[in-house]
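Novice: My questions all concern the structure below.
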Amino acid sequence: QGGGLAGTMSASSSAIISDLDVNPLYLAFESKKARLADGKAACLLLLDFFKQRVALETDHAKKLQKLSDARIGDSDKGALREALMNLRGDSANRAEQHRQMATNIEGDIIEPLERVRDAHDRLLKTVGEARKDIRSLRAAGDRCRRAYSRFVLQHRRAHASAAALSKPGPRAFNPPDDGYWDISPQPRAR
C-alpha cells in the first residue's frame with residue numbers, strides 16, 4: 001500500500017511542478033522574454049535615429065537662421081537688394097520649418113518611444129523577478145520531493161518494523177490469551 005501512495009504522490013507532484021526545462025509554459029515564457037528584449041533593442045535603435053534627426057534639424061535650423069540674420073546686401077539698391085531680402089526671408093521660413101520639425105519629432109515620436117522603452121524595462125524587470133520566482137518554486141518542489149521521499153522511506157521502515165513485531169518469535173509481544181488484554185467491548189452485566 002505504501003508503494004501505491006508513493007506512486008500516486010509522485011505523479012501528482014510531477015504534474016504540479018514539472019521539469020521547467022521542458023515545460024511548454026516555461027519555454028513560452030522564455031520566448032516572450034526574448035521578444036521583449038528584441039522590442040527594447042528596436043526601440044533603442046529608433047530612439048537613437050530620431051534623436052540624431054532632431055539634432056540635425058535643430059542644427060540646420062540654427063544655420064539657416066544665422067544666414068537669414070546676416071546683413072548681406074543691405075547697402076545694395078534695387079532688384080538685387082529685393083532678391084537678397086527674399087532669400088533671407090525664405091531662409092528664416094525654412095529655419096522655422098526645421099525647428100518645428102525637430103519639435104514635432106521630439107513630441108510625436110521620441111517621447112512615445114521613451115515611454116515604450118520604459119514599459120519594456122518594467123516588463124523585463126518583472127520577467128526577471130518571475131524567473132527568480134520560478135527558480136524558487138523549482139527549488140521548493142525539489143525540497144518537497146526529497147521530503148516526501150524521506151517520508152515514504154520512513155513509512156516503509158515503520159511498516160516493516162510493525163510487521164516484524166507482529167510475527168510470532170522471541171522478540172514479539174504475544175500477550176497470553178487470558179482475556180486481560182482483550183479491549184473489545186464487553187456486554188454489560190444486568
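Novice: Note the full-extension length gain between Q154 and E111 as 0.36 nm times their separation in residues minus their Cα-Cα distance, in nm to one decimal.
Specialist: 9.1 nm
Novice: Taking only the alpha-carbon atoms of the stretch 68-138, what semi-axes of the equivalent ellipsoid follow from 5 times the gyration tensor eigenvalues under a square root, in whole Å, largest first?
Specialist: The three semi-axes for the stretch 68-138 are 60, 8, 5 Å.
Novice: With a probe of 1.4 Å, find how much accessible area the stretch 62-119 has per residue, and write the answer as a whole number in Å².
Specialist: Ligands and nucleic acids excluded, the result is 71 Å² per residue.
Novice: How much length is gained if the chain between F29 and A41 is pulled fully straight, taking 0.36 nm per residue apart and subtracting their Cα-Cα distance, in nm to one decimal?
Specialist: Answer, rounded to one decimal: 2.5 nm.
Novice: Here's something else I'd like to know. If you stretched the chain out fully between N104 and A139, how much longer would it get, using 0.36 nm times the residue separation minus the C-alpha to C-alpha distance?
Specialist: Full-extension gain reported as 7.4 nm.
Novice: Right, next: Just read off the accessible area of E30 with the full protein assembly in place, 1.4 Å probe, to the nearest 10 Å².
Specialist: For E30, the solvent-accessible surface is approximately 50 Å².
The values are calculated or read from the model by the stated rules, or taken from the named source; none is laboratory data. Just so it is clear, the structure is predicted and the values come from calculations on it, not from any experiment. Surface areas here come from the heavy atoms of the whole protein model, side chains and all, with no ligands, DNA or RNA. Shrake-Rupley method; radii C 1.70, N 1.55, O 1.52, S 1.80 Å.
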